[in-house]
Amino acid sequence: MEESKKVLYSAVQPTNNLTIGNYIGAIRNFLALQNDYNCYFAIANMHAITVRQTPAELRQRTLSLLALYLACGLNPEQTAIYVQSHVPAHAELCWVLNTFTYVGEMERMTQFKDKSLRHAENINMGLMDYPVLMAADILLYQTEVVPVGLDQRQHLEIARDIAQRFNNIYSPTFKVPEGLYVKVGAKINDLQDPSKKMSKSAENPNGSVFLSDDKDTVIRKFKRAVTDSGSEIKFDPENKAGVSNLLSIYTAFTGKTVEQAERDFAGIGYGDFKLAVGEAVADKLAPIQKEQAKLLTDKTYLDNVLRSGAERAAKAANKTLSKVYKKIGFYQL
Ligand code: TYM
């Protein structure tokens, strides 16, 4: 990794099955950017436990997400790929940043409010503290750029506020990060209800296409996708939410522009259009799934990637943490 490059940071939670929304809004862009930045990509298992997890599954999904990162093309020689809990500085900085974050700010977070409704039996402190841990993740690395989907924008704004607050009280300590959102696909919506975000934990499983879905399942889900009245295939998110969502997915998976896609589909019916989108997605997913399965058979290799990723991450993270401890007056040996 070249020190002179700007730092880019992002993370994904190893929860449930990842969707094509995670791929389009986040992972795909990690690939596009890994050459230009000094990158850190985490597997956010500490965020994951804010909702109750089955331990064996969490462990398995951690490796599975690592294999997916690699299968998609992230290069562990070039970027640090690691598990969040392997770098204790995340929890340590989170604690400090908690004292620079107001309860009221956290209560206003949309995702906290949503998740509190969905997990009313377990509104734990971690669920509320989630954005502060995310701020710690980002700020530890002197990150300048954070590629995420639009659902994370509010959390990123808070990370910026916390960084600025700390910098103002002491002296410049943290870089103030910028969110990076793709132009098309920063919010992929549910295939059954295009007014809602496609989510790993959707109530209707036909609304989410998982990265682990086989070809038949992918095609079936796209065939059933809700479109709109009318017959034109045009990108118009306000009036044609369903069709526009399908066009976003199609362009992300084929690399075509929206204009090209609209041209390709001129005069074609919704049924054939949905099938074409399904096929583009399935064709792209198949080799990724194959490579992911192959990587999962080599646990030694995967462990080595995580070990070296954590080492690299810890080195950078501890530098920032030690600066912070000094500024706030922690006695250091
Ligand atoms: P997570 O695991 O929910 O999602 C991972 C990434 O996928 C994006 N995403 C979407 N993009 C477009 N359309 C969708 N339907 C869609 N659904 C999800 C998310 O925006 C995200 O970029 N809190 C984060 C993980 C995290 C993190 C961080 C991210 C922890 N620490 C530090 C950046 C920096 C999360 O839960 O993502």
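The values are calculated or read from the model by the stated rules, or taken from the named source; none is laboratory data. Keep in mind that this is a model prediction, so the values were computed, not measured. Reconstructed Cβ throughout: ideal geometry from the backbone, glycine too, with neighbour counts over all protein chains shown. Remember, those area values only see protein heavy atoms, side chains included, never the ligands or the DNA or RNA. Shrake-Rupley method; radii C 1.70, N 1.55, O 1.52, S 1.80 Å.
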Of the residues in the stretch 145-184, how many are within 30 Å of Ile20 (Cα to Cα) and of a type in the set (Phe, Trp, Tyr)? 1
Would you mention how many residues in the stretch 259-283 are open to solvent by 20 Å² or more (accessible area, probe 1.4 Å) and over 21 Å from Asn22 (Cβ atoms)? 15
Pairs, please: C-beta under 6 Å, at least 6 apart or cross-chain, first residue without any contact (Cβ under 8 Å) to a residue 24 or more places away in the chain and in the stretch 101-117, second surrounded by 12 or more Cβ atoms within 10 Å (Cβ to Cβ)? Phe112/Met128; Ser116/Ile123
Among all residue pairs at least 6 apart or on different chains, which show Cβ distances below 8 Å where the first residue, located in the stretch 188-207, is more than 19 Å from Thr15 (Cα to Cα) and without any contact (Cβ under 8 Å) to a residue 60 or more places away in the chain and the second is open to solvent by 50 Å² or more (accessible area, probe 1.4 Å) and more than 9 Å from the ligand (Cβ to nearest atom)? Leu191/Arg224; Leu191/Val226; Gln192/Asn204; Gln192/Arg224; Gln192/Val226; Asp193/Asn204; Asp193/Val226; Pro194/Val226
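The rows are residues; the columns are (1) part of a helix (DSSP H, G or I); (2) not charged (D, E, K, R).
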position	(1), (2)
Ala91	yes, yes
Cys94	yes, yes
Leu97	yes, yes
Thr101	no, yes
Glu105	yes, no
Asp114	yes, no
Glu121	yes, no
Gly126	yes, yes
Asp129	yes, no
Go through Asn167, Asn204 for me and flag whichever is over 19 Å from Ile43 (Cβ atoms) and open to solvent by less than 50 Å² (accessible area, probe 1.4 Å). Asn167
Quick one: count up the residues across the stretch 146-187 that are of a type in the set (D, E, K, R) and in a loop (DSSP other than H, G, I, E, B). 3
Among the residues of the stretch 105-114, is any surrounded by fewer than 15 Cβ atoms within 10 Å (Cβ to Cβ), more than 9 Å from the ligand (Cβ to nearest atom), closer than 16 Å to Ala44 by Cα and more than 19 Å from the chain's Cα centre (by Cα)? no
Can you work out which of the residues in the stretch 189-204 that are among the hydrophobic types (A, V, I, L, M, F, W, C) and modelled with pLDDT of 85 or more is nearest to the ligand (Cβ to nearest atom)? Met198
Would you mention how many residues in the stretch 4-36 are among the aliphatic types (A, V, I, L, M) and part of a strand (DSSP E or B)? 4
Quick check on Phe330: is it of a type in the set (Phe, Trp, Tyr) and open to solvent by less than 30 Å² (accessible area, probe 1.4 Å)? no
In the stretch 236-258, the residues that are open to solvent by 30 Å² or more (accessible area, probe 1.4 Å) and of a type in the set (A, V, I, L, M, F, W, C): Ala241
Which of the following residues is open to solvent by 30 Å² or more (accessible area, probe 1.4 Å) and hydroxyl-bearing (Ser, Thr, Tyr): Thr227, Thr173? Thr227
All positions within the stretch 157-187 that are within 13 Å of the ligand (Cβ to nearest atom), touching a strand residue (DSSP E or B) at 6+ places or on another chain (Cβ under 9 Å) and in contact (Cβ under 8 Å) with a residue 24 or more places away in the chain: Ala159, Pro177, Glu178, Gly179, Leu180, Tyr181, Val182, Lys187
For the stretch 43-83, what are the residues that are under 22 Å from Leu285 (Cα atoms) and within 15 Å of the ligand (Cβ to nearest atom)? Ile43, Arg61, Thr62, Ser64, Leu65, Leu66, Leu68, Tyr69, Cys72, Leu74, Ile81
Conditions (1) open to solvent by less than 20 Å² (accessible area, probe 1.4 Å); (2) closer than 21 Å to Ala310 by Cβ; (3) more than 21 Å from the chain's Cα centre (by Cα); number of the one not met by Trp95: (1)
Among (1) within 12 Å of the ligand (Cβ to nearest atom); (2) touching a Leu at 6+ places or on another chain (Cβ under 8 Å); (3) open to solvent by 30 Å² or more (accessible area, probe 1.4 Å), the one test that Ala11 misses: (2)
